[in-house]
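In what follows, a structure is listed as structure tokens, so that the remarks can point back to it.
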Amino acid sequence: MTKFSELGLSPTTLKSVKRMGFEEATPIQAGTIPLSLQGKDIIGQAQTGTGKTAAFGIPLIEKLDPKSNDVQGIIIAPTRELAIQVSEELYKVGQDSRARVLAVYGGADIQRQIRALKKNPNIVVGTPGRILDHIKRRTLRLDNVHTLILDEADEMLNMGFKEDIESILSNVPADRQTLLFSATMPDPIRRIAEKFMKNPELVKVKAKEMTVSNIEQFYVKVPEREKFDVLSRLLDTQSPELAIVFGRTKRRVDELANALSLRGYLAEGIHGDLSQAKRLLVLKKFKEGKIDVLVATDVAARGLDISGVTHVYNFDIPQDPESYVHRIGRTGRAGKEGVAMTFVSPREMGYLKVVEQTTKKRMTPMKPPTWSEALEGLLKASYDQLAETIEANSLQDYQEMGEKLLENFTPEQIAAAALKVLTKEPDSSAIKITEEAPLPSRRGSGSGSRDNGRSRRRGKPQGSGQGQRSYGRDQQRSSASRPPRKRPQKNN
Ligand SMILES: Nc1ncnc2c1ncn2[C@@H]1O[C@H](COP(=O)(O)OP(=O)(O)OP(=O)(O)O)[C@@H](O)[C@H]1O
Ligand SMILES: [Mg+2]
């Protein structure tokens, strides 16, 4: 274990790190911070949730001259939400050195960003399209940038982003330091990356598996048309604190979010066709626990750090193993436990094998819960809710009526009635989700239809959802047939 004080950092930065509650450096932090302080180019690879943001953020803050009015560091991230999150973490790391950090991303008022850029930020974090837009408008100058960082580097160098990244790179001095971080770094992409780096050091945190061991990984073999009932029952039996359900397409996400709401779950969807304001609102509600199921495309797969996410459900198995690694990595972060469940239709079992081979980790097969197991799960949730309410000890207003009940009924009867009122039966009302064709039986091709929430076109301002790939097939949205039923709510 390495202490931050052993890494050659200034007292100012150490103070900020301490305030963030970090006691010891994680392995990727211990491995890259000293090298980064020496000015080396680095490819940093470590599992999800192991502190890569601070690994590149801390030395960047350390090397900053807050008195200078130039942008000295630029960080590029694949999605808007991630750009915001990274800028927030950098702000915390740089709080005591008074570093000025700004996030720029598409779908947000560009004039406001221009005004903020005039206030001379030291570090700009952004999505590629919007950064390029500011470069073209000459509202962002990168002539004095000494450090360039690609967060989720493999995604950034993937087909859709490569050109944008190259354009940005051509605006940054050639003698800059370049840092690349990700939990995944497929070889072909690493080779692309090395072309614009100077003798990069590869710092790869050794691990037997690509995924963290504190995520329990299961798969459920289930025909496409039964997936939704299985999801409902799993939510009922597993009672996640917060859960993310990943679907393959935007339409899928919309349908799932609607269907879950109809069955009484507090669920909302997020994908690249929503306005940025809506995307941020949904995420905020999820972080605050106002919704407890976030249904998402891969737009939420990378980098997002939301505490309380105990379960990840892959309603559709992802097309590539990297996507799997990042999706399930939204749980089990910073040493916490997590559960990942992947639904596989019988024809897609080949994909499961490819995922397992890449991650070097077997998923445990799980049978879908039965109706009575789901009921048991719901009863247990009601029991916990009653117990918590009793322990919270603020029942004065209910005492009198309680005593009245006791005059007329036995305590057993009253307790059972309370459980009955609180518990909805597992809902198997007919809900139709448009069926997705299974993935093609061989790996490859199809990545053109993913939704990364990315805005890709160079030179064009990023509008809400603009430039994002959408899905070809436009099948009719199905509707569910029954009104919502009451579901026990957490912490009334
Ligand atoms: N040294 C540390 N001690 C304790 N917590 C830490 C430390 N470093 C980072 N964290 C916390 O761990 C969580 C995960 O960090 P971070 O988001 O940087 O992970 P990551 O490696 O970038 O994951 P991903 O691959 O999913 O992007 C964050 O909440 C962060 O604040
Ligand atoms: Mg990260």
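A crude spin-label estimate for the pair Thr410 and Asp175, with each label 7 Å from Cα along the Cβ direction, gives 8.8 nm.
From largest to smallest, the equivalent ellipsoid semi-axes obtained for the stretch 215-370 from the alpha-carbon gyration tensor read 22, 17, 15 Å.
Each peptide in 383-394, 49-60 receives the mean, over its residues, of other Cβ atoms within 10 Å, and ordering these scores from highest gives 49-60, 383-394.
Estimated from the Cβ-Cβ distance and a Förster radius of 51 angstrom, the FRET efficiency linking Ser372 and Lys18 is about 0.50. Computed on the Cα atoms alone, the convex hull of the chain gives a volume of 164 cubic angstrom per residue. Across the stretch 197-283, the volume of the C-alpha convex hull divided among the residues equals 194 Å³ per residue. Each peptide in 326-338, 276-288 was scored by the mean count of other Cβ atoms within 10 Å over its residues; highest first, the order is 326-338, 276-288. Helices in the chain, meaning DSSP H runs of at least 4 residues, each add -39500 (n - 2.57). Divided by all residues, the mean residue ellipticity at 222 nm is -11500 deg cm²/dmol.
Anisotropy class assigned to the stretch 4-204 is oblate, per the alpha carbon gyration tensor with a/c at or over the 1.5 cut-off and a/b no larger than b/c. In order along the stretch 207-213, the Karplus-derived 3J(HN,Hα) couplings, from 6.51 cos²θ - 1.76 cosθ + 1.60 at θ = phi - 60°, round to 8, 5, 10, 7, 9, 6, 6 Hz, and Gly and Pro are given as x. Solvent exposure of the stretch 215-370, expressed per residue, is 33 Å² of accessible area, with all protein chains present and a 1.4 angstrom probe. What's the FRET efficiency of Arg347 with Ala116 using the Cβ-Cβ distance as r and R₀ = 51 Å, to the nearest 0.05? Efficiency, rounded to the nearest 0.05: 0.55. Between Tyr383 and Lys63, the simple spin-label model (points 7 angstrom out along Cα→Cβ) gives 5.7 nm.
Estimated at 0.36 nm per residue, the fully extended path between Arg141 and Ser307 surpasses their Cα-Cα distance by 56.2 nm.
Pairs of Cα atoms nearer than 8 Å and 6+ residues apart set the relative contact order; for the chain it is 18 percent. Residue ranges 183-192, 295-304 sort as 295-304, 183-192 when ordered by packing (mean number of other C-beta atoms within 10 Å per residue, highest first). Stretched out straight at 0.36 nm per residue, the stretch from Lys162 to Asn199 would grow longer than its current Cα-Cα span by 11.3 nm. Three principal axis extents describe the C-alpha atoms of the stretch 1-118; from largest down they are 46, 32, 28 Å.
The values are calculated or read from the model by the stated rules, or taken from the named source; none is laboratory data. This structure is a prediction, so every number in the text was calculated from the model and none was measured. Using ideal geometry, Cβ is built from the backbone for each residue, glycine included, and neighbour counts are taken over all protein chains shown. When the accessible area is computed, the model is the full protein with side chains, heavy atoms only, and any ligands, DNA or RNA have been set aside. Shrake-Rupley method; radii C 1.70, N 1.55, O 1.52, S 1.80 Å.
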